[in-house]
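Notes to accompany the following structure.
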Amino acid sequence: MLHKDHFIFYQIAEKFLLEIYERDWKNGVLAPFFEYAYASFSYWMDISYSYKNRIWKYDGEIVAFCFYENPVTYIYFCLKPGYENLALEMMTYADKHMPVNGSNIQPILFGGQEALMCAARQLGYRQKSEHWDMQYDFVNELDFPLPKGFHSVNRQDMEKVSKCCFKGFDHEQSESPWNHFAPYPNTDIRVSPLSI
């Protein structure tokens, strides 16, 4: 069961991520990225360190946020434009307080997060690799006809969407046929045993 304080924390973090969103992720990850990680705590995430996720506020307004994902050493940084002066403090916090689990943390940064990259270099971190995410820019029209016999499902029809996702990931091979009344595993949000 989701504790009231954790639910409030999640809502606050999600609202902040929605407010700072930029298409190129220069302010940090999208809100659904954090939502998926947070909701997945019960499945593949180690929730024992979630109390180390941190929010920075200025005049009562959230201006920065860092959190870990999977593995716990992958640390993500979200910073509101105009508050780049917090970059070194954020990176120092992550370096000293985020879980290391037998290895160093790995700051996950995106193009445009120059202040955070500079702060990471000041603390001795070096870029080891780069990943180019092949996301489609929907400014251009997506025009790929579906094979004969297939059709798009209305996203408002959650029953059909859920069924398509269930079948599309071959769950029937390892579980049972689709049953929208069945309580599927890993659908509960679990939270850190420590309060915020």
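Worth pointing out:
- Residue identified as modelled with pLDDT under 90, assigned to a loop (DSSP other than H, G, I, E, B) and assigned by TED's automatic domain parsing to the domain that holds PHE33 among ASN140, ASN186, ASN101, ASN154: ASN101
- Some residue of the range 45-56 being under 19 Å from SER103 (Cα atoms) and of a type in the set (Gly, Ala, Ser): yes
- If the condition is being in contact (Cβ under 8 Å) with a residue 40 or more places away in the chain and over 12 Å from GLU14 (Cα atoms), then the range 68-82 contributes TYR76, PHE77, LEU79, LYS80, PRO81.
- Some residue of the range 161-169 being modelled with pLDDT of 70 or more, outside any loop (DSSP other than H, G, I, E, B) and either touching a Pro at 6+ places or on another chain (Cβ under 8 Å) or closer than 30 Å to ALA87 by Cα (or both): no
- In this structure, VAL63 does satisfy being more than 14 Å from GLN113 (Cα to Cα), in a strand (DSSP E or B) and either under 20 Å from the mean Cα position of the chain (by Cα) or among the charged types (D, E, K, R) (or both).
- Unmet criterion (only one of (1) at pLDDT below 85; (2) among the β-branched types (Val, Ile, Thr); (3) assigned by TED's automatic domain parsing to the domain that holds ALA37) for ILE75: (1)
The values are calculated or read from the model by the stated rules, or taken from the named source; none is laboratory data. Here the structure is a predicted model, which means the values were calculated and not measured. No Cβ is skipped: glycine too gets one built from the backbone with ideal geometry, and neighbour counts run over all protein chains shown.
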